[in-house]
Amino acid sequence: MDKTELRRKDFVTSLLLIAFGFFLIVYTVSEIPMKDSWGGVMNVWYVSPGLFPICIGLLIMLMGSILCLRAIKDGGAKKVLDTLFSREKRISEKTFRFMGILLIIFTYVYLYIPRVDYFLSTMLILMVFISFYYLDRQDLLKKFFMFYLTGCLVFLILFVSGIDHYLNQQFLYLTDVLVFVFFLIYLAYSRILIRRDEALRKKWRISLLMSVLPSLVLIASFKYFLLVPLPVEGGFIEIMNIFRYALR
Amino acid sequence: MFILQQIWDFYATVFHTALSIENILLLFGSVILGITFGALPGLTATLGVGLLTTLTYGFSTNAAMITLLGMYVGAVYGGSYGSICVNIPGTAAAAATAMDGYPLACKGEAGRALGLTTTASFIGTMVGMFFLALFAPLIAKLALQFTSFEFFFLAFFGIMISGGLTGQDLVYKGWIAGLIGLFLSTIGRDHLQFFPRFTFGLSELDGGLEVVPVLIGAFGIPQIIQVIRDQLSVGEAKKFQRVLPEFGIILRRIKTIIRSALIGVGIGAVPGIGEDIAAWVSYGTAKKASKHPEMFGKGAYEGVIASETANNACIGGAIIPLLTLGIPGSPPAVMLLGALMIHNVTPGPMISIENPHFIMEMTAILCLASFATFISGLLLAKQVVKVLRIPPPVFMPIVLVLCVIGSYSLGTKVFNLYLMVPIGILAYYMQSMGYPIAPLVIGVILGPMADENLRRALMVSQGSFLPFFTRPVALILFIIIVWMFISQTPFYKRFAGELRGKRFKGKMANPPTE
Amino acid sequence: MKRYAVMVFLLVFVCAGLGLAQEKKFPVRDITNVVVWAAGGGTDVCNRIVSGEMAKLFKVNINVINKPGGVGGSIGMNDVYSRPHDGYTWAGVSESCVTAGVQGGWDKRMYVWDYFIVGGSPDVLSVTPNAPYKDLKELIEAAKAKPGSIRAGASASGSIHHLNLLALEKGSGAKFNYIPYPGSAPAQTAAMTGEVAVVVTSVAEQQQLIRAGKLRPLAMLTPQPFTMKDVGSIPSSFGPYPGLSTYLPIMQAIGFAVPAKVPENVKEAIAEVFKKVIASDTLKVWAEQNYYTLSGKTGKEAKEEFEKLESLFAWTLWELGAAEVNPETLKIPKP
């Protein structure tokens, strides 16, 4: 990154830091007792739980100011003013790839893991993630991205509105089944898109293999060997349970 | 005569233990499992020892200790794999190894780096074991010199070191990262009065942030994003050298090794702080003492050796107060304490009377475990480097899944994942703006220690700062800190540079001891 | 490809149905015991041993995992309570868990659980060996002469040892300078280094240090004296200060709990095996060597003990100003 561009960002960061340091101090002074006794411990300023946060807040403000001065000196502030009015923005290829990763990480952690069978969500995410980038074609990435995003939005609405609870009451593991259907549709959709290209078909097969196999190995070893209870043990892990207890 | 007797006893125990096929199988099994554990992001020695405690309930005490110590040594060593190969440290203890290990891998020297860490870990464990066997009572006395005053200075010392780990841009960006880490560490109930700070009413935040999700978030997520976004290849595996390092490389750095091992044992012996801090302190000291500090962070062999020797030497150190005083010296040692109690061995000052052979047995097991780690390490390192040949778009998604399950497993809390992601994205942006990430993690590790102990110390002294300078160990630590501070100022650097140039050509500055 | 997918799909339904049909006998699957405190502590060790022994009789695995965090182990308790109430997930708890409610981490009363109490270890008050106090009386007199001048260490604010210290202060009229530590082990270490002069922890935690002469016991905080190997008898604090009996003893209660809604036959099955284990020689030997007093209470008895602890802890914390939720809003009766 070139220097003035970096300083431009530094200037913005420094303002954020100063604001953050200020917030720390305000929060500490208003929320944390500096004198009154709490929890049966005699309280004086040097025992207060607020001592450390205040020091950090002050230091962050100090550092922010130093950074700010430096950024002004190196012309970063000027650059901010220049770019503020020229709203020219174009999503470059790299930014798009970046957004794809973010979408995957966010949906995995915030959408699927807390609500959907752990094996299923892991398999789905691996398939999506690998197919996004391993096939390595910008046009395909865009299509996959939009398709996956649409699916996630549907599930988001389902989860936020609380319909999934209702569904699970009607029929056990119905949410898991729906997500599994989505996984199958995604498989079919991506397979249809690349049906003419032999090299891509091979990569697609590898993607599928690398999404099913690691999930299976990982989850089986965590659940049955290391004995770690998983976040959501839904329909698929119940099937694994049945196999596991049938075997012994 | 006493020492000879000890040595004879030691060999007898080692051979006695090693003669049973079952023991050997257990040993190698647990060591390899440990290495796998260490290498996978988020699965730490603490978690590994904890999980195996359940599995070894039905074993005899001896067999259980073989399994647990094998796991411990293996996991501390295995952490270096993730650091070197993908720049995602498997454990906090190996985070310092990533500083130089990954640049080495990028230069195509992953094989050599792994070989170095294998040897360094072996030497480190052996030194730790040596101290455990011979100086346990002495070191236990040292551990009792640490009160809140000394703990505060120790934490402060660690924070100072993180200030020296600057990125490529401005120096104070390291400090800013460190301060953000310190802030993150204040979240949760404070340990003295149990007052909720920055929890915003979320009960999940009451316990504070755990180190593992922060570590994985701060190192793992930026690395995944960067590799996929910029279509980088992870390291170069083509130019593969032999794994067993040239003898010369090790021999020429014998000073670093000895210093790091001593730091490791010393920090391990101090109750409550473990491998992670040992590795960072040793790395920082090696950088200070080096003739070419500018090479650190770009693939210096010393950096890798320093951190790996220290974190493994720490094991022996951490077991000393555990066995002699019943105070665990590091987080995995806490787990060991629990395991010992289950097997009806209560560690403490009476252990040498109630169970006279026990310390010797632990020493022997530690010795065998370090040999087993060395052998499996040399065999595995070759295979591990091959992982780098998997194309990144296939490899990185699996790494993501591992990071997630790793951060989740320690506390089995989904909330840890909710924290990991924002921290990861923050770290990604910070990294892209030239901030080093390591100080952030060190801040999170050391923040509570500094905060709690400073306030408790003042509580004990009723607000007086005097004991900071009248207690001998505190004073020594204070002098080291002042010396470090002065040596960072430009004035001193110029002065020292002139001196060195004129009179002591090529002579190293005196390395501080622990 | 499609055909396979459909087949997998059908398999899901069939298997899920099968899995539901076969749950009659208890236990048919592995059990998970979620200890709400960190590994290596008393609750953890007790639960691991009892679980290990119970697993042998049940002939399934009982996996002990740790899920510390929150206030009074609230994270772990909430997690266990949110899992199915089928008796396959237990919460490894101790007496301090009853503080979760008033500290804002647990919005229910403690009677939503059914307890299986393993036991606990009595609390003892010790001093640094070179401290000038020969017995409890001298210590209390010194503390009365200069209130707040003697430093006393105990684990975190609101913990059982802190409450024992407070009860001693109330019953004897002395005032100490309480220094909190993150656990019993650091508090004991601080007493050894002389950072604090007095330390209150359980006998189990202190026994090694006492027997090695690193700490000197002054008095038990229980009505009975205690006899320890190599040391002899440690007198009860009730002798010189009979007034203590209004506040003490506050005994540890370590064990595990299942949600009260678990089917009765499952609870009975657990209780039966639990009682067998408590009566077994393995546990007796272990308890004796580690200075634990076994309890073995289950059902109504155990519930009553926890209710008592709940009201005591909740109101003490509220009076200390360290509670976030008024115990009245949770309808916790005054002790």
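The values are calculated or read from the model by the stated rules, or taken from the named source; none is laboratory data. Since the model is a prediction, treat every value here as computed from it, not as a measurement. All Cβ positions, glycine included, derive from the backbone under ideal geometry; neighbour counts span all protein chains shown. In case anyone asks, the SASA skips ligands and DNA or RNA and just uses the protein heavy atoms, side chains included. Shrake-Rupley method; radii C 1.70, N 1.55, O 1.52, S 1.80 Å.
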What net charge do the residues around C:Tyr133 carry, taking every other residue with its C-beta under 11 Å from that of C:Tyr133, with Lys and Arg at +1 and Asp and Glu at -1? 0
May I have the count of lysine pairs in segment C:123-246 with C-alpha atoms under 14 Å apart, counting pairs 8 or more residues apart or located on different chains? 4
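List the pairs from C:Lys59/C:Lys276; C:Lys25/C:Lys59; C:Lys108/C:Lys308; A:Lys94/A:Lys143; A:Lys223/B:Lys386; C:Lys261/C:Lys303 whose alpha-carbon separation is above 20 Å, in the order I gave them.
On the way: C:Lys59/C:Lys276 14 Å; C:Lys25/C:Lys59 13 Å; C:Lys108/C:Lys308 16 Å; A:Lys94/A:Lys143 16 Å; A:Lys223/B:Lys386 28 Å; C:Lys261/C:Lys303 14 Å.
Correct reply: A:Lys223/B:Lys386.
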I need the trypsin sites (Lys or Arg not before Pro) found in segment C:303-335, filtered to DSSP loop residues with at most 13 other beta carbons within 10 Å of theirs. C:Lys331
For segment B:155-226 and segment C:101-162, what is the centre-to-centre distance using only Cα atoms, to the nearest Å? 32 Å
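Give the range of the longest stretch in chain B that excludes all chymotrypsin sites (Phe, Trp or Tyr not before Pro) found in loop regions by DSSP and having at most 12 other beta-carbon atoms within 10 Å.
On the way: sites that count: B:Phe200, B:Phe465, B:Phe504.
No qualifying site falls inside B:201-464, the longest such stretch.
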Looking only at lysines whose Cα falls under 27 Å of B:Lys288's and that sit 8 or more positions away or on another chain, we get B:Lys107, B:Lys173, B:Lys255, B:Lys298, B:Lys493, B:Lys502, B:Lys505, B:Lys507
Rounded to the nearest 500, what is the protein assembly as shown's calculated 222 nm mean residue ellipticity when only DSSP H runs of at least 4 contribute -39500 (n - 2.57) each, over all residues? -20500 deg cm²/dmol
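Averaging over every viewing direction, what projected area does the convex hull of the Cα atoms of segment B:101-213 cover, in nm²? If you can, show how the numbers build up before the last one.
Details: hull surface 45.0 nm².
Here the figure is 11.2 nm², rounded to one decimal.
If a/c stays under 1.5 just call it rounded; otherwise compare a/b with b/c (prolate if a/b is bigger, oblate if not). Do that for segment C:123-246, with a ≥ b ≥ c from the square roots of the Cα gyration tensor eigenvalues.
Working: a/c = 1.31, a/b = 1.07, b/c = 1.22.
The shape class here is rounded.
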What whole number of Å gives the distance from the Cα centroid of segment C:193-260 to the Cα centroid of segment B:388-438? 46 Å
If I ignore ligands, DNA and RNA and count only protein heavy atoms, how much of B:Thr91 is accessible to a 1.4 Å probe, in Å² to the nearest 10? 10 Å²
Compactness of chain C, expressed as Rg and Dmax over alpha-carbon positions, Å: 22.5, 87
Other-chain or far-sequence residues with amide H under 5 Å of C:Ala322's (modelled H): A:Gly39
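I need the shape label for chain B. Rule: rounded when a/c is under 1.5, else prolate if a/b > b/c, else oblate, with a, b, c from the alpha carbon gyration tensor.
Numbers: a/c = 1.21, a/b = 1.10, b/c = 1.10.
Note, shape of chain B comes out rounded.
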Built amide H within the under 5 Å cut-off of C:Trp113, gap 5+: C:Ala260
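When the Kirkwood radius is taken over all Cα pairs of segment A:94-247, what Stokes-Einstein diffusion coefficient follows at 20 °C and 1.002 mPa s, in µm²/s?
On the way: Rh = 16.4 Å.
In µm²/s, the coefficient rounds to 131.
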Given charges of +1 on the Cβ of Lys and Arg and -1 on the Cβ of Asp and Glu, with all other atoms neutral, how large is the dipole of chain A about its Cα centre, in debye to the nearest 20? 980 debye
Eigenvalues of the Cα gyration tensor times 5, then square-rooted: what semi-axes does that give for the protein assembly as shown, in whole angstrom, largest first? 43, 38, 31
Nearest 10 degrees is fine. How inclined is helix A:51-73 to the longest principal axis of chain A, computing both from alpha carbons? 90 degrees
Over segment A:86-185, what number does the Rg to Rh ratio reach, with both radii from the alpha-carbon atoms and Rh per Kirkwood? 1.04
Neighbour-limited loop hits for GluC sites (Glu not before Pro), segment C:279-335 (at most 16 other Cβ within 10 Å; DSSP other than H, G, I, E, B): C:Glu324, C:Glu328
Hey, how many Å between the Cα centroid of segment C:61-84 and the Cα centroid of segment A:103-174? 28 Å
Using a Cα-Cα cut-off of under 19 Å, which aspartates and glutamates could be cross-linked to A:Lys73, ignoring same-chain neighbours fewer than 8 residues away? A:Asp2, A:Glu5, A:Asp10, A:Asp82, B:Asp169
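Quick one: of the DSSP bridges fully inside the protein assembly as shown, what percent are antiparallel, nearest 5?
Details: 27 of 44 bridges.
For the protein assembly as shown, the DSSP antiparallel bridge percentage is about 60.
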Can you give me the long-range amide H partners of C:Asn33? Hydrogens built in the peptide plane at 1.01 Å from N, cutoff under 5 Å, separation of 5 or more residues or another chain. C:Asn63, C:Val64, C:Ile65, C:Trp90
What are the ³J(HN,Hα) values, in whole Hz, obtained from phi via the Karplus relation 6.51 cos²θ - 1.76 cosθ + 1.60 with θ = phi - 60°, for each residue of segment A:23-28 in sequence order, with x given for Gly and Pro? 4, 4, 5, 4, 4, 4
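If you count the DSSP beta bridges with both ends in segment C:123-246, what percent of them are antiparallel, to the nearest 5? Mind dumping the intermediate values first?
Working: 12 of 20 bridges.
The antiparallel fraction comes to roughly 60 percent.
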